[in-house]
Each structure stands twice: as C-alpha cells, then as structure tokens.
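Just so it is clear, none of the values below were taken in a lab; they were calculated from the coordinates. On a predicted model such as this, the values are computed, not experimentally measured, just so you know. Here the Cβ is made from the backbone with ideal geometry for all residues, glycine too, and neighbour counts use every protein chain on show.
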Amino acid sequence: MHALITGGAGFIGSHLAELLLSKGQEVTVIDDLSTGSLDNIAHLTNNPNFHFAIETITNETVMDRLISDCDLLYHLAAAVGVKLVVHQPVHVIETNILGSETVVRVANRYRKRVVLASTSEIYGKSEKTPFKEDDDRLLGPTTRSRWSYSCSKAVDEFLALAYHKEKGLPTVIVRFFNVVGPRQTGRYGMVVPRFVHQALADKTITVYGDGLQSRCFCHVKDAVRSVAALAECAEANGQVFNLGSDEEITILDLAKKVVEMTESKSKIKLIPYDEAYEEGFEDMRRRVPDISKIRKVVAHKPEFSFEATLQSVIDYFKARHT
Ligand code: UDP
C-alpha cells in the first residue's frame, strides 16, 4: 500500500505518516510548509518507505504525478486555526477550496480513493448537543470571517460527496473535533498548546470569553488510528464521520487543569472575544460529537484519557525547552 498524505508535515498529517510507516506502508507527503514544518517529519526521513515533496497542492502537474503513483490519498492539507482564519481569510478560502478541487479532480482521473479531512466547524454555532453527521448547520453572516472556514470546508465536503455520487469515486469524509497532542502549535490559536506554553513559562493563561464554553479533546494518536481504519473500510465510501472524544470540559476548567498539572505559578485571566480575535467574533458554546456512527464501522475507542492527553502535550513542550 502506498499512501499519499497532503499536509503530511502538519500536526495530524505527521502522526498519520508515522502510523502508516509503522504498518509497513509506503508514504509520500506533500506539504508547502505554510503551517506544517520539517521538524514534524525529520524523524521519518531515514525510513526508505518515506518520500517527501515541498510543494503546494494547487500545482496540478506535481499532484498528477503523485496521485498516479499512490494507491490511496489522505487529503489533510488545509488552512486551519481560528486566529489564521480571522486574520488571513483570503489564504484560508483559496487554500481550502482551490486545493481540494485540484486534489479531488486529479484523484478521479486515476480513480484513487480519497479520505478527506474536515472539521467540527461545519456545524457552526448550532447549540445542539451532541452533533450528528446529518444535523443542520447554523452559520453567522459572511461579514464575520470565522464562518468562511466552515463554508470552505463544506464546499470540500460537497465536492467529495458529489464525485462519489456522480462519478463513483470512493471518498470518505472525516470531521475532526479538537484533536490535540505533541507537535500542535498554538501559533494559529489552538487552545491546548497555548495554555501549556503559557503555564510552563509562568505567564498569564488567556481564557477567552467567560471560559464556560466547552470542547472535547481527542489525542492525535487515537484520531489517526481511526482515520487509517476508516481508509481500509469499503462501507465508509460516500459517507461522513465525526471523529473525536465525547468527554467534555470547559475552557476555564482546562486552564485550571493545565496550571495544576504543570505546577505553574500562572494566573488565569478572562479576555473578551473582541480583544482576542476581532470585533463581533462569535464562538461556539459547546462542541460535542456524536461518535456512534464511526463506532459502528471501526473500533474507535480512545486509548488516551483527557489527563494522559494533556500530559503528552506538557511532556512535548518540556522536551523542546530543555
Ligand atoms: N481559547 C482560549 N484561549 C486561547 C485560545 C483559545 O480561551 O488562548 C478558546 C477559544 O476561544 C475556544 C476554545 O478555547 O472557545 C477552543 O479554541 P481552539 O481554537 O483550540 O478550537 P475551536 O474554537 O476551533 O474549537
């Protein structure tokens, strides 16, 4: 099996590459290093089954060659992170829509199966709990940049589903819910690496809003194991799956837990959303996945508890700074 991973030098992609190599598969990664990094894959480069191209996925000539050579394609390249979405909306919209269009169209040319990474942002600000794959979406106005991310990934999903329906291309869609772990950076807004970094430096922990918004955090190793299992499952074709943990925690409790586990002297400070992102920023109050569907087709059972997940991020940051 030869897998192509777009965005394979990113946080989730690099863990997926590692997993597939450990199963004896050949892995090619394409990444433009816009948010990914060579550090994430440095430990894989000695493996003779590992290949790497620094290139953007909108380069159709390169994509044509890479896709024709692989058996299966994991499309993870995307512009992600709420801060990035708010501050660089053109980049986010173009990367997510034009990139995916190239990937899916070329995959169809060679009839290669596509596993497309999507996001819980798809559900928007709907207050339903938990989210099921077929639930309605609720989005704010186009004048709020945040919603462009949800819309761009929804276009990707429509495209993958349309290629499946109309042309019979095998495609599977996976909606990640707050995947965290080693190698994730806080640079684009992700809360866990930001809090751990702040706590280890005894700096103020920046909790946005009232801190009572909640999320469910899933360890990246649990996430990629389920993605690889879905990729091997023929009955998943043409379907959408939520992927994540259903253990919910408020952001304020997360901050307290990080302070406790790092034995930090940091103080926790509430920062209004307008100040943290932009005026009129809208956040999601709760975000809990219904994971019964994925559990019916693959053994999606998280091995990492919430504490073990946090500990792995703390260990990663400590190792980097010693
Ligand atoms: N958040 C926070 N402080 C930070 C970064 C994020 O309080 O320094 C909050 C953010 O407003 C959101 C939650 O943590 O309510 C999760 O944010 P993240 O960007 O990690 O994921 P998403 O919002 O996409 O679920």
Can you give the Kirkwood hydrodynamic radius for the chain, in Å, rounded to one decimal and based on Cα pairs? 19.9 Å
Where the centre of each part is set by its Cα atoms, how far does the range 245-299 sit from the range 1-70, in angstrom? 30 Å
Calculated FRET efficiency, Thr45 and Lys269, Cβ-Cβ r, R0 41 Å, to nearest 0.05? 0.50
Divide by every residue of the chain the summed helix terms, -39500 (n - 2.57) for each DSSP H run of at least 4, and state the resulting mean residue ellipticity at 222 nm, rounded to the nearest 500 deg cm²/dmol. -12500 deg cm²/dmol
By the C-alpha gyration tensor axes a ≥ b ≥ c (rounded if a/c is under 1.5, else prolate when a/b exceeds b/c, else oblate), the shape of the range 110-269 is prolate
Quick one: order His2, His300, His43 by neighbouring beta-carbon count within 10 Å, fewest to most. His43, His2, His300
Can you list the chymotrypsin sites (Phe, Trp or Tyr not before Pro) in the range 179-210 that are in a DSSP coil and have 11 or fewer other beta carbons within 10 angstrom? none
Any idea how far the Cα center of the range 119-163 sits from the one of the range 170-185, in Å? 15 Å
Any chance you could run the full-extension gain for Cys233 through Glu127? It's 0.36 nm times the residue separation minus the Cα-Cα distance, nm to one decimal. 35.0 nm
